[in-house]
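A.B. asks: My structure is below; once you've seen it, I'll send some questions.
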Amino acid sequence: MTENVAGSAGASLFFASPATAQPVPDVIDPQTSTIDLDPGALQAMSREELCHEILEMLACLRRQPFQEVAAGALYTDGTLALDSMTAVWVISTVGKAFKRRLVRLSEVDAESLRSVGGVARLIQRATASIVVAGAA
Amino acid sequence: MSDFVAPACNIGEAWLRTLELVHASGGRRTNVLTTIVEPLAPEDPAIRAVVDGVLVPGKRKGTTVHAVETVANTIFPHDLYRDTSLTWSPDLNPEQAAALDSAATDLYDAYSGMLDLLCSADGNKSGTYFGRMVSWPGKKARGVNQLADRVKYLRDQRRAGRQRYNLSDIAIGGEADPAEPERADMGDIGLQVYAPTDRRQRGFPCLVHIDLTLLDGKLSMLAVYRHQYLITKAYGNLLGLARLLEFLAQQTGFEVGELAVLATLADTQEEFASGSRGVAALIDSARSQAAPE
C-alpha cells in the first residue's frame, strides 16, 4: 500500500496535545456516520458518479461537509488524493454492500489506491460481473 | 551489547541518532534503546525529506519499500480518526464526551470492519498491528479491543485523581488473552501485538509489545521491537507510535510523556542501502540538513 498525502513534516502529528488543547467547540458532530449503499445503484453509476459517491462516503467517515472533503489535495489523475488506508476502507465498505470482499489486496496495483479515481476504477472492475439480487 | 541512544527532542533526531549509533557499531546491534522526549514535537522537515526521498514506494533489492505514512498507518491509522479538538476529562459535558467517544468508536469500527480486506495484502496474513490492538487476535472483527480497555482503565485512574497525587506508577503489561477476561486486572494488561502462534523469524510481527506507564500525570510509552529495520521502517514506526500515544492521551486526558523504543536487534540494512557507504551517505545527508538540537 502506498501513501500520497503530503507528509506532516513541521506540523503537529494530528491534533493538539492536552497541554496545548484548542478551545473546546460548543457544537460538534452534527452529522451521522451511517453509510447506506445500494449495490445496484453503485453498479449503474458512471465513473464520475462513483467518484462523487466515494466523496460522500469520505464526508460521512470524517463527518465533514462534502465540499470540504472534495477540496482536498488532488492526485495526478485530477481526482482527490487518498492515503492507502482510506482507499482500503472505501473498497471494504463498498464490498459490504455487495456482501463480499471485492478484491485481494495482494493482487491490487498500488496505483489504484492513491486517488478517488483509482479506487472508483478498481471498484467498477471488481463489481462489473456481480449479479445483484433484485437488480433489473 | 546493549546501547543507549541519547534522548532526542523529536522523531527525526531520535531516528538519526539511532542510525548513527548502530552504523558506527558495525550496522547491527542488540538491545538498542531510543527515546523521544517530546513525541509530539514538530518533525524536523529536513530529516523527514531525506527519509521520504529514500522511501519511494516500490520493490528494490529484495525489499518492499513503503512510504513513511504507510508504515505509520500500520500502528495508528490516523486518517481514519477524526480530530474533535477535544481532550477527555471527567468534567467534559455529555455532548462533548459523546463526540470524543464516537470518534474513537468510529475508528475502531472502521478498522475492524476492513480487517478481512487488509489481511488479503501481502505480509498481512497473520493480521496487522492495529488490528491486534483493536480486535485481538487481529484477523477478524469483534475481537478483544485492547485500546478501548486501556482508555477505560486510564479514565478510571484520572477520575480517581491518581495523576494529581501520584499515588503510584501504573505499569500496564501482560497478555491480551487472559484466561478469564471478565475478571482480569486491567493494571496488568498491556497492548499485546505478539501471538504465541507467530512463527516467522523475520517480518510481521517485528513490534511485539507496547507498554504504557503513567507517572506525574504523564502517559509514556515503550514499544519493543524484535527487529527494527532502521532505514525502511524505523521512522514510520516512531511516527505511528507517537500518534498512538497522542490518541491515548487525548482520549484519557493525560499529558503526553516520553516515547521509547527498545529494538532487540537494530539493523541499518546495509544490503538495502548499497553497503556501509550507502548508510554513511544517508546519515551525512540527513545530518548536514538537520536543525541543531
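The values are calculated or read from the model by the stated rules, or taken from the named source; none is laboratory data. Because the structure is a prediction, the values reported are computed rather than measured. These accessible areas exclude ligands, DNA and RNA; they are computed on the full protein's heavy atoms, side chains included. Shrake-Rupley method; radii C 1.70, N 1.55, O 1.52, S 1.80 Å.
A.B. asks: Tell me the total accessible area that B and A bury against each other, 1.4 angstrom probe, in square angstrom rounded to 100. Kindly include the intermediate steps, with their values, before the conclusion.
C.D. replies: On the way: alone 13720 and 8780 Å², together 18620 Å².
Interface area, both chains combined: 3900 Å², rounded to the nearest 100.
A.B. asks: 5 Å is the cut-off here: which amide hydrogens, built 1.01 Å from N in the peptide plane, fall below it relative to B:Val144, excluding neighbours closer than 5 in sequence?
C.D. replies: B:Trp136
A.B. asks: Note down the accessible area of B:Glu38, probe 1.4 Å, to the nearest 10 Å².
C.D. replies: 100
A.B. asks: Quick check: from the Cα gyration tensor, does region B:52-145 come out rounded (a/c under 1.5), prolate or oblate?
C.D. replies: oblate
A.B. asks: Would you kindly derive the ³J(HN,Hα) couplings of region A:104-120 from the backbone phi angles with the Karplus curve 6.51 cos²θ - 1.76 cosθ + 1.60 (θ = phi - 60°), listing them in order in whole Hz, with x for Gly and Pro?
C.D. replies: Calculated HN-Hα couplings, in order: 9, 4, 5, 9, 9, 5, 4, 4, 5, 9, 9, 7, 4, x, x, 5, 4 Hz.
A.B. asks: I need the phi-derived Karplus couplings for region B:3-18: 6.51 cos²θ - 1.76 cosθ + 1.60, θ = phi - 60°, integer Hz, Gly and Pro marked x.
C.D. replies: Along region B:3-18, the couplings run 9, 10, 7, 4, x, 10, 8, 8, 4, x, 5, 5, 4, 5, 4, 5 Hz.
A.B. asks: Something else now. List every residue whose amide H lies under 5 Å from the amide H of B:Asn31, counting only residues 5 or more places away in sequence or on a different chain, with H placed 1.01 Å from N in the peptide plane.
C.D. replies: B:Thr264, B:Leu265, B:Ala266
A.B. asks: Ignoring ligands and nucleic acids, what accessible area does B:Trp136 show with a 1.4 Å probe (Å², nearest 10)?
C.D. replies: 10
A.B. asks: Considering only protein heavy atoms and a probe of 1.4 Å, how much of the accessible area of region B:23-164 is carbon and sulfur, as a whole percent?
C.D. replies: Looking at region B:23-164 in its full context, I get 50 percent from C and S.
A.B. asks: Something else: Please list B:Arg226, B:Arg48 from largest to smallest accessible area, probe radius 1.4 Å, with all protein chains kept in place.
C.D. replies: Greatest to least solvent exposure: B:Arg226, B:Arg48.
A.B. asks: Also, quick follow-up: Applying the Karplus parametrisation 6.51 cos²θ - 1.76 cosθ + 1.60 with θ = phi - 60° to the phi angles of region B:245-256, what ³J(HN,Hα) value in whole Hz is obtained for each residue in order, glycine and proline being reported as x?
C.D. replies: 5, 5, 4, 5, 5, 5, 6, 10, x, 8, 6, 7
A.B. asks: Okay, next question. Using only protein heavy atoms and a 1.4 Å probe, report how much of A:Arg47 is accessible, in Å² to the nearest 10.
C.D. replies: About 90 Å², ignoring ligands and nucleic acids.
A.B. asks: In whole angstrom, note down how far apart the Cα centers of region B:59-109 and region A:106-121 are.
C.D. replies: Each part's Cα centre sits 22 Å from the other's.
A.B. asks: Please list, or write none, the lysines whose alpha carbon is within less than 17 Å of the alpha carbon of B:Lys140, excluding same-chain residues fewer than 8 places away.
C.D. replies: Straight-distance partners of B:Lys140: A:Lys96, A:Lys99, B:Lys125.
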